[in-house]
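Have a look at the structure below before the remarks.
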Amino acid sequence: MEKQVLDFVVEKTHELMDAASCSREAKEAAQRWLDAVGTEQEAEETKKYMAELEADIVTVDGLAAFAESEMGAKVFGEKAGEVAAHAREIKAAGAKYCDCPACAAVEAILEKKDSILK
């Protein structure tokens with residue numbers, strides 16, 4: 001991986017891990033990848049990391065559906081309706097994914113997936 005791409009992914013990985021909305025699985029995969037950078041395990045951990053990120057990123061439709069669900073009401077409380085409306089607004093503006101800090105970092109990383117997996 002080119003140094004510029006690596007530096008970008010490392011930066012976005014730290015943003016992901018620092019996000020309150022980052023899942024435990026994504027945080028663990030991110031740490032395993034960071035630990036593997038520069039080692040013989042880097043290529044394999046990179047593939048695993050990309051797969052985890054693809055599995056964890058939330059679509060705007062998924063966000064709206066979750067916010068409108070019983071579990072979404074438990075997570076978001078009184079804000080659940082606002083979260084669902086926000087998801088519809090960003091979708092109308094062309095967004096494909098949730099714009100929370102974790103999903104935004106994942107989206108930025110995945111945009112460079114072809115360069116990352118070289």
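The values are calculated or read from the model by the stated rules, or taken from the named source; none is laboratory data. This is a predicted model, so every value here is computed, not measured. We place every Cβ from the backbone using ideal geometry, glycine too, and count neighbours over all the protein chains shown. We work out accessible area using only protein heavy atoms, side chains counted, and drop any ligands, DNA or RNA first. Shrake-Rupley method; radii C 1.70, N 1.55, O 1.52, S 1.80 Å.
Per residue of the chain, the DSSP helices (runs of n ≥ 4 H) give a summed -39500 (n - 2.57) that works out to -22000 deg cm²/dmol at 222 nm. Given +1 at the Cβ of Lys and Arg, -1 at the Cβ of Asp and Glu and no other charges, the dipole of segment 1-70 around its Cα centre is 100 debye to the nearest 20. Rounded to the nearest 20 debye, the dipole magnitude of the chain is 160 debye, with +1 charges on Lys and Arg beta carbons, -1 on Asp and Glu beta carbons, and the Cα centre as origin. When you restrict to C-alpha pairs under 8 Å that are six or more residues apart and normalise by the size of the chain, the relative contact order lands at 39 percent. Take a quick pass over segment 22-96 and tell me how many lysine pairs come in under 23 angstrom between Cα atoms, counting only ones 8 or more apart or on separate chains. Summing the qualifying lysine pairs gives 8. A cut-off under 12 angstrom between Cβ atoms defines the neighbours of T39, and their net charge, with Lys, Arg +1 and Asp, Glu -1, is -4.
Among the GluC sites (Glu not before Pro) in segment 85-118, those placed in a DSSP loop whose Cβ has at most 13 other Cβ atoms within 10 Å are E111. Please report, as a whole percent, how much of the solvent-accessible surface of the chain comes from carbon and sulfur atoms (probe radius 1.4 Å). Accessible surface attributable to carbon and sulfur in the chain totals 51 percent.
Subtracting the Cα-Cα distance of Q41 and E78 from their residue separation scaled by 0.36 nm leaves 8.8 nm. Under 5 Å from the amide H of Y97 lie the amide H atoms of V60, each residue being 5 or more positions distant or on a separate chain, with H modelled from the backbone and absent for Pro and chain starts.
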